[in-house]
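> Sharing a structure, written as C-alpha cells. Questions coming.
The values are calculated or read from the model by the stated rules, or taken from the named source; none is laboratory data. Nothing here was measured: the structure is a model prediction, and the numbers come from that model. Cβ placement follows ideal geometry from the backbone for every residue including glycine, while neighbour counts extend to all protein chains displayed. Side chains are part of the model used for accessible areas, which takes the heavy atoms of the whole protein and leaves out ligands, DNA and RNA. Shrake-Rupley method; radii C 1.70, N 1.55, O 1.52, S 1.80 Å.
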Amino acid sequence: MKIEAVELRVVRLPLVTAFRTSQSSQDDRVALLVRAQTTDGEGWADCAVGEAPSYEPEFLSGARAVMAEYLVPMLVAAPVVSAARVHPVLAPVKGHQMAKAALETAILDAELRARQMSFAQYLGAVRDRVPAGVSVGIPGSLAELIGQVEGYLEQGYRRIKVKIEPGWDVEPIRAIRERFGQDLALQADANGAYTPASAPRLRALDEFGLLLLEQPLAAGDLLGHADLARLLTTPICLDESITSPLAAATALRLGACSVVNIKPARVGGYLAARAVHDLCAAHGIPVWCGGMLETGVGRAANLALAALENFTLPGDISATARYFAEDITPPFVLDDGHIAVPTGPGTGVDVLPDVLDRLTTHREVLS
Ligand code: NPQ
Ligand code: MG
C-alpha cells in the first residue's frame with residue numbers, strides 16, 4: 001500500500017479524577033490521534049505522548065513536529081509501505097519511538113482492516129478477555145486512598161496498583177493491607193522517584209507481600225535495579241527502563257528485573273511489543289501491559305496485546321470510566337473484573353465522529 005496523507009488531531013478529554021504520580025499531576029488528558037490515509041483505506045492510532053515531557057522525553061508538540069517535518073514525508077515518499085516497513089523506512093530519524101509507534105499502529109490498523117483481521121488475531125492472542133487492573137494516583141490523604149481502592153474493588157478490579165514516592169510508601173501500603181487483607185493483588189509504582197540510597201526504605205515494603213515494585217529507580221539505572229533486586233524479596237518490575245527489545249534484553253541479562261511492564265508506544269509499537277513479550281517468555285519473565293491514559297483507540301490495541309500468552313499478570317488496562325466520562329470511542333466496560341478483547345477488523349473500535357469533532361482542539365493534515 002501507499003500512504004497518501006496523515007491527519008493529526010489533538011483532543012482534550014477531562015479526567016474523572018486528577019491523576020498524580022511521583023513525577024506529575026494532571027486534570028485532563030490532551031491526546032494526539034493519528035489517522036493514516038492509505039491506498040487500502042484508513043487506520044487510526046493513539047500517539048501516547050503526554051502534553052509535557054514530564055513522564056517520557058517525547059511530548060505532544062514535539063511528536064507533531066517530527067511527524068510533520070520528517071516522518072510523514074518519508075512515509076509518503078516511500079514506494080510501498082506496510083506496518084512492518086515503517087521502522088526500516090523511518091530509521092534515518094533517531095529516537096522518537098512514540099511518534100514512530102503511532103504511525104506504525106495507524107498503518108497496521110489500515111492494513112488489518114483491509115484484510116478483515118483483528119489486532120488480536122494478528123498478534124497471536126490466546127484469550128478473549130483480560131483481567132483488569134487499576135492504577136491509583138497519589139491522593140490527598142490516606143482516607144481518600146482507602147476510599148478509592150474500596151470503590152475500585154467494588155467495581156471488580158482484579159489488581160490494585162498504588163503510586164508511591166518518598167514520604168508516601170510504607171504507610172499507604174500498610175493501610176491498604178490492614179483494610180483489605182493479605183490476599184488483595186497489590187503492587188506499587190514509584191516512577192523512578194528513589195535512589196539506590198533508598199534501599200533500606202524500599203526493603204521495608206518486603207513485609208507486605210507486594211506482587212511487584214515497579215520502577216523504583218531512574219530509567220537509565222539498570223545496574224542500580226540489579227543491585228536492588230538482590231536486596232529485596234519483592235520482585236522488581238521495570239517500566240520506564242524498557243524502551244526497546246534491546247533494553248529489555250539488557251535488563252534481563254543484568255538481572256535488573258523479574259517482571260516487565262510493556263508499554264507498546266515506548267518500545268516503538270505493537271511489533272516491538274510482541275518481540276519484548278517473546279523475549280521475556282523465552283526467559284520465563286512474566287509481562288503485563290501498562291497504560292498511558294489512552295483513548296479508546298489505544299485501549300483497544302492494548303487489549304489485543306494483553307491477550308498474548310505471557311501476559312500473565314493483570315495490567316493497567318482499566319474500564320474507560322476509570323479515566324473519562326466521555327471518550328472518542330464507545331466505552332470499554334468491566335464484566336466480572338475483565339474487559340473483552342475487541343474482535344472486529346483492525347483495532348475493532350471506530351471513533352465517534354461527532355464526539356471527536358467536539359473534543360478536537362487542533363487538526364492538521366500532512367501529505
Ligand atoms: C505508569 N501509567 O505506569 C504510567 C504513568 C503515566 C496508568 O500508571 C500521559 C502519558 C500521562 C503517559 C500518566 C499508569 C501519563 C502517562 C501516567 C503515564 O507509570
Ligand atoms: Mg509505571
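> Taking the condition more than 16 Å from ligand 2 (Cβ to nearest atom), among the hydroxyl-bearing types (Ser, Thr, Tyr), closer than 19 Å to Leu108 by Cα and out of contact with any His (no Cβ under 8 Å at 6 or more places or on another chain), does Thr312 pass?
In short, no.
> Right, here's the next one. Would you pick out the residues in region 216-240 that are within 14 Å of ligand 2 (Cβ to nearest atom) and small (Gly, Ala, Ser)? Working first, answer last.
Filtering region 216-240 down to residues within 14 Å of ligand 2 (Cβ to nearest atom) leaves 216-219, 225, 236-240.
Once the filter is applied, which keeps residues that are within 14 Å of ligand 2 (Cβ to nearest atom) and small (Gly, Ala, Ser), region 216-240 yields Ala218, Ala219.
> List every residue pair whose Cβ atoms sit under 9 Å apart, with the two residues 6 or more apart in sequence or on different chains, where the first one lies in region 279-298 and is within 18 Å of Gly133 (Cβ to Cβ) and the second, anywhere, is among the hydroxyl-bearing types (Ser, Thr, Tyr) and modelled with pLDDT under 95.
Met292/Tyr55
> Residues that are away from ligand 1 (no atom under 16 Å from the Cβ): find the helices (runs of 4 or more DSSP H) completely inside region 195-272 holding 3 or more of those. Let's see the steps before the verdict.
Numbers: elements: 199-203, 222-231, 245-254, 264-267.
Qualifying helices (runs of 4 or more DSSP H): 199-203, 222-231, 245-254.
> Can you name the residue in region 315-346 that is of a type in the set (Phe, Trp, Tyr) and closer than 20 Å to Ile262 by Cβ and, of all such residues, is farthest from the chain's Cα centre (by Cα)? Even if it seems obvious, please write down each step before you answer.
Within region 315-346, the subset of a type in the set (Phe, Trp, Tyr) is 323-324, 332.
Filter again for closer than 20 Å to Ile262 by Cβ, leaving 323, 332.
Values: Tyr323: 14, Phe332: 16 Å.
So, considering only residues that are of a type in the set (Phe, Trp, Tyr) and closer than 20 Å to Ile262 by Cβ, the one farthest from the chain's Cα centre (by Cα) is Phe332.
> What is the one condition in (1) surrounded by fewer than 16 Cβ atoms within 10 Å (Cβ to Cβ); (2) farther than 21 Å from Arg20 by Cβ that Thr234 does not satisfy?
The failed condition is (1).
> For Gly268, state whether it is within 15 Å of ligand 2 (Cβ to nearest atom), open to solvent by less than 20 Å² (accessible area, probe 1.4 Å) and under 16 Å from the mean Cα position of the chain (by Cα).
Spelling it out, it is not the case that Gly268 is within 15 Å of ligand 2 (Cβ to nearest atom), open to solvent by less than 20 Å² (accessible area, probe 1.4 Å) and under 16 Å from the mean Cα position of the chain (by Cα).
> Kindly evaluate Thr360 against the criterion of being over 20 Å from the mean Cα position of the chain (by Cα) and among the hydroxyl-bearing types (Ser, Thr, Tyr).
Working: over 20 Å from the mean Cα position of the chain (by Cα): yes; among the hydroxyl-bearing types (Ser, Thr, Tyr): yes.
Yes, satisfied.
> What are the residues in region 26-81 that are near ligand 1 (Cβ under 10 Å from one of its atoms) and aliphatic (A, V, I, L, M), if any?
Val30, Ala31, Ala48, Val49, Ala52, Leu60
> A further question follows. Specify which of the listed residues (Ala63, Ala106) is buried (at least 22 other Cβ atoms within 10 Å of the Cβ), free of Cβ contacts under 8 Å to residues at least 40 places away in the same chain and small (Gly, Ala, Ser).
Details: Ala106 fails: free of Cβ contacts under 8 Å to residues at least 40 places away in the same chain.
So the residue among Ala63, Ala106 that is buried (at least 22 other Cβ atoms within 10 Å of the Cβ), free of Cβ contacts under 8 Å to residues at least 40 places away in the same chain and small (Gly, Ala, Ser) is Ala63.
> Of the residues Leu303, Leu231, only one is at negative phi, modelled with pLDDT of 95 or more and in contact with a Lys or Arg (Cβ under 8 Å, 6 or more places away or on another chain); which?
Going through Leu303, Leu231 in turn, just one is at negative phi, modelled with pLDDT of 95 or more and in contact with a Lys or Arg (Cβ under 8 Å, 6 or more places away or on another chain): Leu231.
> Additional query: When you look at Arg115, is it over 23 Å from Thr360 (Cβ atoms) and either within 16 Å of ligand 1 (Cβ to nearest atom) or touching a residue at least 12 places away in the same chain (Cβ under 8 Å) (or both), yes or no?
Numbers: over 23 Å from Thr360 (Cβ atoms): yes; either within 16 Å of ligand 1 (Cβ to nearest atom) or touching a residue at least 12 places away in the same chain (Cβ under 8 Å) (or both): yes.
Criteria met by Arg115.
> Does Arg85 satisfy the condition of being of a type in the set (D, E, K, R), open to solvent by 30 Å² or more (accessible area, probe 1.4 Å) and part of a helix (DSSP H, G or I)? Spell out how you get there, then give the answer.
Numbers: of a type in the set (D, E, K, R): yes; open to solvent by 30 Å² or more (accessible area, probe 1.4 Å): yes; part of a helix (DSSP H, G or I): yes.
Answer is yes for this residue.
> Which of the following residues is free of Cβ contacts under 8 Å to residues at least 40 places away in the same chain, open to solvent by less than 50 Å² (accessible area, probe 1.4 Å) and acidic (Asp, Glu): Asp183, Asp206? Step through it out loud before you land on a result.
On the way: Asp183 fails: open to solvent by less than 50 Å² (accessible area, probe 1.4 Å).
It is Asp206.
> Taking region 143-173 as the search range and keeping residues that are over 18 Å from Ser25 (Cα atoms) and aliphatic (A, V, I, L, M), which one is nearest to ligand 2 (Cβ to nearest atom)? Steps first, please.
Within region 143-173, the subset over 18 Å from Ser25 (Cα atoms) is 143, 146-147, 149-160, 170-173.
Pick out the ones that are also aliphatic (A, V, I, L, M) and you get 143, 146, 149, 153, 160, 170, 173.
Details: Ala143: 25, Ile146: 22, Val149: 18, Leu153: 21, Ile160: 14, Val170: 19, Ile173: 16 Å.
The extreme case among them is Ile160.
> Could I ask something else about it? If we scan region 124-134, do we find a residue that is open to solvent by less than 40 Å² (accessible area, probe 1.4 Å), at pLDDT 95 or above, within 16 Å of ligand 2 (Cβ to nearest atom) and closer than 21 Å to Gly291 by Cβ?
yes
> For region 325-367, give me each residue that is part of a strand (DSSP E or B), in contact with a Lys or Arg (Cβ under 8 Å, 6 or more places away or on another chain) and either open to solvent by 90 Å² or more (accessible area, probe 1.4 Å) or over 24 Å from Ala306 (Cα atoms) (or both). Steps first, answer last, please.
Step one: filter region 325-367 for residues part of a strand (DSSP E or B), giving 335, 338-340, 346, 360-366.
Among the residues that remain, those that are also in contact with a Lys or Arg (Cβ under 8 Å, 6 or more places away or on another chain) are: 335, 338-340, 346, 360-364.
Asp335, Thr360, Thr361, His362, Arg363, Glu364 - these are the residues of region 325-367 that are part of a strand (DSSP E or B), in contact with a Lys or Arg (Cβ under 8 Å, 6 or more places away or on another chain) and either open to solvent by 90 Å² or more (accessible area, probe 1.4 Å) or over 24 Å from Ala306 (Cα atoms) (or both).
> Report yes if Gly192 is at pLDDT below 95 and closer than 30 Å to Ala273 by Cβ, otherwise no.
no
> Look at Val130 and say whether it is in contact (Cβ under 8 Å) with a residue 12 or more places away in the chain and in a helix (DSSP H, G or I).
no
> OK, next. Can you confirm whether Thr243 is open to solvent by 20 Å² or more (accessible area, probe 1.4 Å), within 16 Å of ligand 2 (Cβ to nearest atom) and hydroxyl-bearing (Ser, Thr, Tyr)? Walk me through it before giving the result.
Values: open to solvent by 20 Å² or more (accessible area, probe 1.4 Å): yes; within 16 Å of ligand 2 (Cβ to nearest atom): yes; hydroxyl-bearing (Ser, Thr, Tyr): yes.
Spelling it out, Thr243 is indeed open to solvent by 20 Å² or more (accessible area, probe 1.4 Å), within 16 Å of ligand 2 (Cβ to nearest atom) and hydroxyl-bearing (Ser, Thr, Tyr).
> Check off (1) open to solvent by 10 Å² or more (accessible area, probe 1.4 Å); (2) more than 18 Å from Arg322 (Cβ to Cβ); (3) charged (D, E, K, R) for Glu154 and give me the number that stays unchecked.
It fails just one condition, (2).
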